[in-house]
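Asks: Can you read through this structure? Questions will come right after.
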């Protein structure tokens, strides 16, 4: 009997439960010896992990949300009502100057 563990980097570690001897397998070259319904579950989990990895990788690379919103404000992308609210906050809490 085998147990497969999937790492966040996509590496699958297959362990023979009887012997406890692990073999690492590259995800691209894995040969699944399991019933088709179990394969669907297995690949479904990998797909969810890949999606989560993709989302996290993107999220870490985006500029800070505050910087994104400030840029939209400066470009005039907000409604007049929202722009007034944002401007009121900026007026009440001015950015420190380097002087």
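Asks: Going through 27, 69 one at a time, which residue ends up being surrounded by 11 or more Cβ atoms within 10 Å (Cβ to Cβ) and modelled with pLDDT of 70 or more?
Replies: Just one listed residue meets the conditions, 69.
Asks: So, one more: Among (1) at pLDDT below 95; (2) surrounded by fewer than 10 Cβ atoms within 10 Å (Cβ to Cβ), which single condition is residue 81 missing?
Replies: Answer for residue 81: the failing condition is (1).
Asks: Would you confirm whether any residue within the stretch 72-80 is assigned to a helix (DSSP H, G or I) and touching a helix residue (DSSP H, G or I) at 6+ places or on another chain (Cβ under 6 Å)?
Replies: Taking every residue of the stretch 72-80 in turn, at least one turns out to be assigned to a helix (DSSP H, G or I) and touching a helix residue (DSSP H, G or I) at 6+ places or on another chain (Cβ under 6 Å).
The values are calculated or read from the model by the stated rules, or taken from the named source; none is laboratory data. Note that the coordinates shown come from a computational prediction; the quantities given were computed from them, not determined experimentally. Don't worry about glycine lacking a Cβ; one is built from the backbone with ideal geometry, like all the others, and counts go over all protein chains shown.
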